[in-house]
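Written below as structure tokens is the structure these notes are about.
The values are calculated or read from the model by the stated rules, or taken from the named source; none is laboratory data. Note that the structure is predicted; figures quoted are calculated from it, not measured. Using ideal geometry, Cβ is built from the backbone for each residue, glycine included, and neighbour counts are taken over all protein chains shown.
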């Protein structure tokens, strides 16, 4: 009995030693060296794992930064220029500084101006809704209102307005990661430059239908009249498929296009109130009135 137990113990010990040797040999043979700079760069990144940089996660982006000679085209939207400068200093490489951007909703078709003509009773997700029908209104280009973009946002920078049925973006919280852009099946969300005081001018409509059809579907739809294009001094307004688009690079925020839009489809944000223009005719009348009183 004792010999049998001793034999079993020796057998198990031998098997353990053999397994340990095999594992040691395999670990050495298939050992993958990881540059310690990868972990160092990963520590500098915000650990958001949002995918805004084009990589599936921060570690993957750190590997790309370390293994790429020219990182001028690589950028972390969440960390911004400050983080990228630290990465560049750590790696001894040059990085291009980029202007901050913020997401905007290019649709203002709320319940009051874009009336419902049908009722959808399926799963309340924009992705499914976009695949099986054109929406609850006659506009097949606008927001579906099911909030896929809000769900995709990891930074609580968006919420659905229950009154108008449209998503609202909190600019101060938006990191420009692009998750909401990817989540929207209608492509109504766009990243635009975040200028000083978050001043922005853009067309809040994507309806490419002709004027009559577009206006019937939504009161604030762009009707392709080209008046905004005509008054723009910098050629920043482009007309494509019955729809105006304002180039954020060329636009100087002069706001000349805003008052000429007959359907008020151009959105301006964070600008001071416009000063009321005094008509020349009234000024002349006042001057003549003063003169007549003086002569009298």
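For residues in region 145-182 being in contact with a helix residue (DSSP H, G or I) (Cβ under 6 Å, 6 or more places away or on another chain) and in contact (Cβ under 8 Å) with a residue 60 or more places away in the chain, which is farthest from residue 122 (Cα to Cα)?
Among residues in region 145-182 that are in contact with a helix residue (DSSP H, G or I) (Cβ under 6 Å, 6 or more places away or on another chain) and in contact (Cβ under 8 Å) with a residue 60 or more places away in the chain, the one farthest from residue 122 (Cα to Cα) is 171.
Per-residue answers, yes or no, for (1) under 22 Å from the mean Cα position of the chain (by Cα); (2) within 21 Å of residue 269 (Cα to Cα):
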| position | (1), (2) |
| --- | --- |
| 123 | no, no |
| 126 | yes, no |
| 130 | yes, no |
| 134 | no, no |
| 138 | no, no |
| 143 | yes, yes |
| 146 | yes, no |
| 152 | yes, no |
| 165 | yes, yes |
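Consider residue 177 carefully, then state whether it is farther than 17 Å from residue 268 by Cβ, at pLDDT below 95 and under 12 Å from the mean Cα position of the chain (by Cα). It would help to see each step written out before you state the result.
Values: farther than 17 Å from residue 268 by Cβ: yes; at pLDDT below 95: yes; under 12 Å from the mean Cα position of the chain (by Cα): yes.
It is true that residue 177 is farther than 17 Å from residue 268 by Cβ, at pLDDT below 95 and under 12 Å from the mean Cα position of the chain (by Cα).
Return the only residue of 71, 38 being more than 22 Å from residue 175 (Cβ to Cβ) and touching a helix residue (DSSP H, G or I) at 6+ places or on another chain (Cβ under 9 Å).
Working: 71 fails: more than 22 Å from residue 175 (Cβ to Cβ).
Selected residue: 38, the only one of 71, 38 that is more than 22 Å from residue 175 (Cβ to Cβ) and touching a helix residue (DSSP H, G or I) at 6+ places or on another chain (Cβ under 9 Å).
Within region 40-66, track down each residue that is touching a residue at least 12 places away in the same chain (Cβ under 8 Å), within 30 Å of residue 183 (Cα to Cα) and either part of a helix (DSSP H, G or I) or in contact with a strand residue (DSSP E or B) (Cβ under 8 Å, 6 or more places away or on another chain) (or both).
41, 42, 44, 58, 59, 61, 62, 63, 65, 66
Which one of these does residue 207 not meet: (1) surrounded by fewer than 19 Cβ atoms within 10 Å (Cβ to Cβ); (2) part of a loop (DSSP other than H, G, I, E, B)?
(1)
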